[in-house]
1. Identify the single condition in (1) at pLDDT below 95; (2) crowded, with 16+ Cβ neighbours inside 10 Å; (3) within 17 Å of the chain's Cα centre (by Cα) that residue 100 does not satisfy, given that it satisfies every other one.
2. What tally of residues in region 74-91 results from selecting those that are aliphatic (A, V, I, L, M) and in a helix (DSSP H, G or I)?
3. Can you confirm whether region 155-172 contains a residue that is part of a loop (DSSP other than H, G, I, E, B) and farther than 22 Å from residue 90 by Cβ?
4. Which one is surrounded by the fewest Cβ atoms within 10 Å (Cβ to Cβ) among residues in region 117-146 that are farther than 17 Å from residue 179 by Cα and among the hydrophobic types (A, V, I, L, M, F, W, C)?
5. Regarding region 33-51, can at least one residue be identified that is surrounded by fewer than 24 Cβ atoms within 10 Å (Cβ to Cβ) and under 22 Å from residue 130 (Cβ atoms)?
6. Scan (1) of a type in the set (Lys, Arg); (2) in a helix (DSSP H, G or I); (3) farther than 17 Å from residue 4 by Cα for the single condition residue 56 breaks and write down its number.
7. Sort out which residues of region 147-167 are buried (at least 20 other Cβ atoms within 10 Å of the Cβ) and more than 18 Å from residue 200 (Cβ to Cβ), and write them in order of number.
8. If you take the residues of region 73-93 that are surrounded by 20 or more Cβ atoms within 10 Å (Cβ to Cβ) and of a type in the set (S, T, N, Q), which of them is nearest to residue 162 (Cα to Cα)?
Amino acid sequence: MLLEIYPCGPVMANMIFVGKDGADTVAVIDPSDANLALTVLKEHGWMLSDILITHRHFDHLLGVAALKRATGAKVFISEKDAAGLKSNLISLSMMQRIALEPVEPDVLLNDGDVFTAAGLTFRVLATPGHTEGGVTFVCDDERCAFVGDTLFADGFGRYDLPTGDLSELIDSIKNVLFALPDDYRLYPGHDEATTVGRERRSNPIHFEGSQWYD
């Protein structure tokens with residue numbers, strides 16, 4: 001699988017390009033910087049077919065409107081988080097005094113949906129807790145998943161922002177993500193990749209006394 005990760009934007013969110021090996025058409029997950037994305041596309045000679053968004057927060061979607069306008073790519077986001085594409089309040093962009101350019105989604109996703117983007121097949125897992133509409137994109141053929149801010153290597157997402165919920169986050173990690181096979185690679189919205197097995201063994205979500213838990 002073609003996979004390239006670019007930490008970018010105001011809080012260094014991972015913008016992830018994916019596609020079939022050797023393909024000239026790609027999808028992008030959580031684009032925070034449209035100018036960087038367009039530069040990457042030009043340098044590699046790629047066409048952008050799809051924009052996949054894991055959740056409603058501004059740091060994962062600041063580049064969506066400009067990319068859609070420039071490339072015609074389709075925008076995928078969960079139905080529950082779609083309002084974040086058009087609201088500085090819901091996306092929390094107002095917290096950084098950044099004006100979010102609104103954009104209409106093309107595909108509204110729900111738990112269990114399956115779709116194809118850039119030649120890859122993804123299934124959608126609802127993983128709320130960081131936001132009510134947070135989703136994970138699982139690519140079983142490539143044994144990996146794109147988890148947004150639900151889970152990090154040795155950590156997990158905040159649950160103290162609007163629509164966040166600790167009990168839902170714990171359930172999403174322990175009963176949804178940890179149900180994937182141990183060897184599946186997990187690509188989070190920030191920092192480095194990890195695996196299901198590694199996080200099942202060591203992630204602090206397991207330890208109620210951890211400084212990260214409460």
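The values are calculated or read from the model by the stated rules, or taken from the named source; none is laboratory data. Model, not experiment: these values are computed from the prediction. Because the Cβ atoms are built from the backbone with ideal geometry, glycine has one as well, and the counts that use them run over all protein chains shown.
1. Against the list (1) at pLDDT below 95; (2) crowded, with 16+ Cβ neighbours inside 10 Å; (3) within 17 Å of the chain's Cα centre (by Cα), residue 100 comes up short only on (3).
2. Looking only at that region, the number is 3.
3. No - not one qualifying residue is present in region 155-172.
4. Out of the qualifying residues, it is 120.
5. Yes: one or more hits.
6. (2)
7. Residues satisfying the conditions are 148, 149.
8. 91
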